[in-house]
Structure formats: C-alpha cells, structure tokens
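What follows is a short report on a single structure.
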Amino acid sequence: MKTGHDREIVASYPYRNACSTSVWARLIDGASKSITFAGYTNYFVWQEHPRLGERLAAKASAGCTVRFLVGDPESDVTRRREEIEDVPLTVSTRIRITLDALRKIEDSGIEARYSDGHIALSVFTFDDEMLVTPHLSSLLGHESPMLHLRRLADDGLYDRFASHVAALWSTGRPVTSQ
C-alpha cells in the first residue's frame, strides 16, 4: 500500500501513447471545473478525440475553465526542437494544427497562451487528475513516459506540477490571432 507522495500516482506508462484514449476521454469528459492542455504542441489530442472542439466548447460554456498552453511556432526554441527531432511533421506544424483547431472555436471562451518554458514537459490537467509527460532527449512526445496523477494532498506531486503550469500560464503571451 502506498503511504507517501507516490500514492498520488494512479498509473505510469513507459510511453504516452500506451495510455488508452479511453482514459483521456474519461478525464476530458469527466472534468467540470478546469482543463489545461500544457503540451508544447497538443496536436495529438485533436487527432485522437472526435469532436474535441465541440466537447471543449460545451465544457467552457458550462463554466469549466479550458486552457491551452502552446509553444510559439515562430520561436527559436521551436526551431531548435525541429532540428533535434528532424521529422517531416514539424513542431511548428503541430502547433499550427492546435491553433487552427482553436480558431474554429475561438468564441467559446477557451483561452490560449504561448510559452516556450514547457518544451521538455507536458502537463494535462482535468480537475484533480493530471497526465504528465517528461520528454526524453530527442524522442517525440508519444515516445516519452507518462504519469497519471490524482491530487490527494497539499504540496504533493500534483501540486508541484500544477504550480509549474500556473507559473508558465502567468508569464505566457496570449494567442490572439490564431
């Protein structure tokens, strides 16, 4: 039985894509207070979840805070990451997929900001649960490990990652013309 901070770990996955889409869907659909996608590109969620834009817009209209923190497709950080990954579907293209999807629902109350401070760490929050992917070296996000966390105590793993995202959000630049 877990007794320390590790009790906040619900599951661990050796690869982000080892976590089933049904877990993601349950977290997205079950959240009622807040959802944050703080992945550098977030593009995969649009590919893996049907009608995500409609679902998130409905959440926002029901009072759920929905936020996206993405990298700036024009930044030096993004360009350096593209050189490292060296794949046809570039980081800036993946960011633009998210920006395009957000533009289609821009009047829904969903917020978006640019930040380059999370290039090596993706954090996705759904009320008191979270999925965290620390990106490894030159691997793509789906090839990196992922933790599923549930908030159980003050200053535990969940709170530490949530504080990181809050700090990035507070210094992020609004995405105004996606």
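Couple of notes before you dig in:
- Filter result (at pLDDT below 95 and outside any loop (DSSP other than H, G, I, E, B)) within region 1-17: His5, Asp6, Arg7, Arg16, Asn17
- Hits in region 1-18 - residues which are closer than 18 Å to Arg151 by Cβ and crowded, with 18+ Cβ neighbours inside 10 Å: Glu8
- Scanning region 25-44 for residues that are open to solvent by less than 10 Å² (accessible area, probe 1.4 Å), part of a helix (DSSP H, G or I) and in contact with a helix residue (DSSP H, G or I) (Cβ under 7 Å, 6 or more places away or on another chain) turns up just one, Ile28.
The values are calculated or read from the model by the stated rules, or taken from the named source; none is laboratory data. Computed from a predicted structure; not experimentally measured. Neighbour counts run over all protein chains shown; Cβ positions are idealised from the backbone, glycine included. Note: areas computed on protein heavy atoms with side chains; ligands, DNA, RNA excluded. Shrake-Rupley method; radii C 1.70, N 1.55, O 1.52, S 1.80 Å.
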